[in-house]
Amino acid sequence: MAMLATFWIVLLVALNAPAGNGQSVQTDPSKSGFVGDTVELRCVFINGKPPVKISQVTWQKLINGTKQNVATANPALGVSVLPPFKDRVSFKHPAVRQRTPSSLEDTTIVFSNLRLSDEAAYICEYTTFPAGNRENMVNLSVFARPVTKMTLTSPTIVARTPKRKMPVATCMSANGKPPSIIKWDTTLKGEATFQETRNPNGTVTVRSNYILLPSRETHRQKLTCIVTYRAERFTDSVILNVQYEPEVKIDGFDGNWYLNRQDVKLTCNADANPAVTVYQWKLLNGSLPNNIEIKNNTLFFKGPVTYEFGGTYVCDATNSIGTRSGLVEVNVTEKPMPQGPPGGIFGILGVVVVSGLIIGVVATICMVYRRGQKPRTETDNDLTDLPPAHKPAPPPPKKKSSDMKGGLTSDEIQVVHLDKEDEIQKIALQPPYYDMAQSESTAFTDKTNSGNEELLNPADYVSCHHPGNQEQFIEPPPPSAYPPVTFLPQKPYTHHPTNTPMYTFQPNAAPPTPRPPFNYPKEQSV
């Protein structure tokens, strides 16, 4: 074990001793160039101390793990370049070829007219004495700039019936390394297809076709192809030439052909590619009038308008692609049609819009008013929830005739004014009082009055009790300058014997002075 360890130590020292002495080979990590260009592969020997003697320098090409000699430089034998590279590889410094002292310290080679096959890893190896061999490696990349072009798939594109999609233009980036990226720039609605082909020499050809539906709208439209290759950008454009059948329209009839009108005509306008070569006119369900002159694509009607000018006129336009037709219905009236003011249709639309706005404003005001009324009603309803001290006195309930005893109505109630002394006595009374005076027969009974009848509850007419306590009454107000009023029935009830005890005035109270009855409204406040 000790001997094995000693062996590895000696080996490591032997391998690292030259590096410790400072001998090394310097190269660029990588180099690149395009096909046909010239590129330099740098190789410099750094000779430290103690100095060593360079015996030979060899450049080799490494392919798939196999080394192939490219060029050698020997102080005694000179420079040698192998045949595959003899015409394209040379040492940069003439001193190497002249074998001058220290000339082998810089053995940079120059590649000219690069080929794709030159792409590989290249090794620069120095043979020295007594240090041994020293080497380093550089990677050479060779690029191929593509050839870009754009063409129409056909000089003329025909929009036929039935319509179908077809490629109209092709953009190609050929023999590129690495492959290019193709994009299209156009306002046309279509789709693009892409295809890559790898060539035997390592380049790639990219092809893209633009497919659309040829039509009259696509004629004279621009297609632009954008090719991006590494940091470079190429653009090319074409203008589509689409052939299509005529698109026919007849002008000249303004809807106001009337009797005796002069100088009327019909013109057959056709949009076509190629241009229309033949125009043909005809009248449906009849023949053209005799006083018509045809010039190119126009019908001239000679003389004044007559009813014979009416009918359906048809124009057939023909080019090399096909024939299309257009028609117009001509109506002849007796008198000229009234001409509305300019912008009549816009005036009507304006009236409709303004009317709609007015209706909307009115509807909005009504909604706002109703919403304003609703909170006010809710506020009024909320008064019923106030504390007893803040509630307003409830109005006296309106009794229906059917709710009163004996069928008494509010119209039969009279108000009696008392003297001042009677007023004081009246206010001092706590329980309700009843009239003990005799009365005549009333309409409510078939009996004569035999005594006093019980009056209605005074609380039905004047509310004088506290809402929270039925037994507590409001303190009497100070005497008034005016005679107090109270409510008594106009006609007293007839007496009905009951078991209920009768209430009377206090003994010291003077009887009220009779007054003539007055008719008052159903309700009156004190």
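The values are calculated or read from the model by the stated rules, or taken from the named source; none is laboratory data. The shown structure was predicted, so the numbers you read here are calculated from the model rather than taken from an experiment. Cβ sites come from the backbone with ideal geometry, for glycine too, and all protein chains shown count toward neighbours. We work out accessible area using only protein heavy atoms, side chains counted, and drop any ligands, DNA or RNA first. Shrake-Rupley method; radii C 1.70, N 1.55, O 1.52, S 1.80 Å.
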**Request:** Take segment 296-339 and flag every residue that is open to solvent by 50 Å² or more (accessible area, probe 1.4 Å), free of Cβ contacts under 8 Å to residues at least 40 places away in the same chain and within 30 Å of residue 156 (Cβ to Cβ).
**Result:** 296
**Request:** Give the residues of segment 214-257 that are assigned to a strand (DSSP E or B), open to solvent by less than 60 Å² (accessible area, probe 1.4 Å), among the polar types (S, T, N, Q) and closer than 19 Å to residue 151 by Cβ, sorted by residue number.
**Result:** 224, 237, 243
**Message:** Take residue 264 and tell me if it is touching a residue at least 24 places away in the same chain (Cβ under 8 Å), closer than 30 Å to residue 329 by Cβ and either open to solvent by 40 Å² or more (accessible area, probe 1.4 Å) or in contact with a Ser or Thr (Cβ under 9 Å, 6 or more places away or on another chain) (or both).
**Reply:** no
**Request:** State all residues of segment 179-195 that are surrounded by 13 or more Cβ atoms within 10 Å (Cβ to Cβ) and either in a loop (DSSP other than H, G, I, E, B) or over 35 Å from the mean Cα position of the chain (by Cα) (or both); if no residue qualifies, say none.
**Result:** 179, 180, 186, 188, 190
**Complete:** Exactly one of 35, 70, 39, 25 is touching a Gly at 6+ places or on another chain (Cβ under 9 Å), on the phi < 0 side of the Ramachandran plot and touching a residue at least 40 places away in the same chain (Cβ under 8 Å), and that residue is 39
**Prompt:** Which is surrounded by fewer than 16 Cβ atoms within 10 Å (Cβ to Cβ) and on the phi < 0 side of the Ramachandran plot, of 127, 156?
**Reply:** 156
**Message:** When you scan segment 86-99, do you find a residue that is in contact (Cβ under 8 Å) with a residue 40 or more places away in the chain and touching an Asp or Glu at 6+ places or on another chain (Cβ under 6 Å), even just one?
**Reply:** no
**Message:** residue 293 - would you say it is of a type outside the set (A, V, I, L, M), open to solvent by 50 Å² or more (accessible area, probe 1.4 Å) and not in a strand (DSSP E or B)?
**Reply:** no
